[in-house]
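Colleague: Handing you a structure now.
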Amino acid sequence: MEDLTLKELESLANDYFDCKLSRQEETALREVLLMSPLRSDTIDACRLEMGLEALMKQDGRRRRLSPPVPRRRFATLRWVSVAASAAVLLSLCIGLLGNGFGQGAQTDIYAEVYINGRPVTDRAQAREYAERQRREALATMNDFMEASADSLRVCLQELGQPDFR
């Protein structure tokens, strides 16, 4: 274990964070980290974590530090947050534009409407089709926001964080 490359050492550090190493492997990794001149964010974080664990053992208290949260959960939580923010922003824009906020003084809007490749000349039919499409889009967006909130709630529970409501 003495002649490890940077990538191999980072891989072992990631295995340590994911709790995949045995106690013997952890002890060997600790010794390598003490002697190795190699540095990276992952390796330094592993050194720090192992140092904290050693201090806790020396302190005489048998408290166990909570295991580090794998980066995959943070990445998932980040993407869920981005998706939820995008959904809220999109629904806000649609709501404001749908209520006439963005129209200003313009009252006549010219549009040609096609349904399945055929032009629609009846304004009532075009308006009814557009309204049906809008309701379906809002329902889909609402389903997406609920699924996103549920996913975020599950991630927060896995991280041991309180609910966001």
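Colleague: Of (1) open to solvent by 50 Å² or more (accessible area, probe 1.4 Å); (2) closer than 30 Å to residue 17 by Cα; (3) at pLDDT below 80, residue 54 satisfies all except one. Which?
Modeller: Failing condition for residue 54: (1).
Colleague: Just checking, does region 93-107 include any residue being of a type in the set (Gly, Ala, Ser) and either in a helix (DSSP H, G or I) or at pLDDT 80 or above (or both)?
Modeller: Of the residues in region 93-107, the ones of a type in the set (Gly, Ala, Ser) are 95, 98, 100, 102, 104-105.
Those left that are additionally either in a helix (DSSP H, G or I) or at pLDDT 80 or above (or both): 95, 98.
Looking through region 93-107, at least one residue is of a type in the set (Gly, Ala, Ser) and either in a helix (DSSP H, G or I) or at pLDDT 80 or above (or both).
Colleague: State yes or no: is residue 111 open to solvent by less than 80 Å² (accessible area, probe 1.4 Å), modelled with pLDDT of 60 or more and within 20 Å of the chain's Cα centre (by Cα)?
Modeller: On the way: open to solvent by less than 80 Å² (accessible area, probe 1.4 Å): yes; modelled with pLDDT of 60 or more: yes; within 20 Å of the chain's Cα centre (by Cα): no.
No; evaluated as a whole, the condition is false for this residue.
Colleague: If you don't mind, there's one more thing I want to ask. Residue 2 - would you say it is touching a Ser or Thr at 6+ places or on another chain (Cβ under 9 Å), farther than 29 Å from residue 151 by Cβ and modelled with pLDDT under 80?
Modeller: Numbers: touching a Ser or Thr at 6+ places or on another chain (Cβ under 9 Å): yes; farther than 29 Å from residue 151 by Cβ: yes; modelled with pLDDT under 80: yes.
Yes.
Colleague: A further question follows. Pairs only if they're at least six apart or on different chains, beta carbon under 6 angstrom, first in region 128-146 and more than 20 Å from residue 84 (Cα to Cα) and open to solvent by 90 Å² or more (accessible area, probe 1.4 Å), second modelled with pLDDT of 90 or more and part of a helix (DSSP H, G or I); list them, first residue then second.
Modeller: Once the first residue is more than 20 Å from residue 84 (Cα to Cα) and open to solvent by 90 Å² or more (accessible area, probe 1.4 Å) and sits in region 128-146, no partner that is modelled with pLDDT of 90 or more and part of a helix (DSSP H, G or I) comes close enough.
Colleague: Could you grab me the full set of residues in region 33-43 that are assigned to a helix (DSSP H, G or I), within 11 Å of residue 4 (Cβ to Cβ) and open to solvent by 20 Å² or more (accessible area, probe 1.4 Å)?
Modeller: First, the residues of region 33-43 that are assigned to a helix (DSSP H, G or I): 33-35, 41-43.
Next, only the ones that are within 11 Å of residue 4 (Cβ to Cβ) stay: 33, 35, 43.
Answer for region 33-43, where residues must be assigned to a helix (DSSP H, G or I), within 11 Å of residue 4 (Cβ to Cβ) and open to solvent by 20 Å² or more (accessible area, probe 1.4 Å): just 35.
Colleague: Next up: Tell me, which residue of region 2-32 that is assigned to a helix (DSSP H, G or I) and either in contact (Cβ under 8 Å) with a residue 60 or more places away in the chain or among the small types (Gly, Ala, Ser) (or both) is surrounded by the fewest Cβ atoms within 10 Å (Cβ to Cβ)?
Modeller: Our first condition is that a residue be assigned to a helix (DSSP H, G or I); within region 2-32, this holds for 6-17, 23-32.
Now narrow it down to the ones that are either in contact (Cβ under 8 Å) with a residue 60 or more places away in the chain or among the small types (Gly, Ala, Ser) (or both): 11, 13, 28.
Details: 11: 13, 13: 23, 28: 15.
Going through the qualifying residues, I end up with 11.
The values are calculated or read from the model by the stated rules, or taken from the named source; none is laboratory data. Source: prediction; values computed, not measured. Cβ atoms come from the backbone with ideal geometry, glycine included; neighbour counts cover every protein chain shown. With ligands, DNA and RNA removed, areas are computed over all heavy atoms of the protein, side chains included. Shrake-Rupley method; radii C 1.70, N 1.55, O 1.52, S 1.80 Å.
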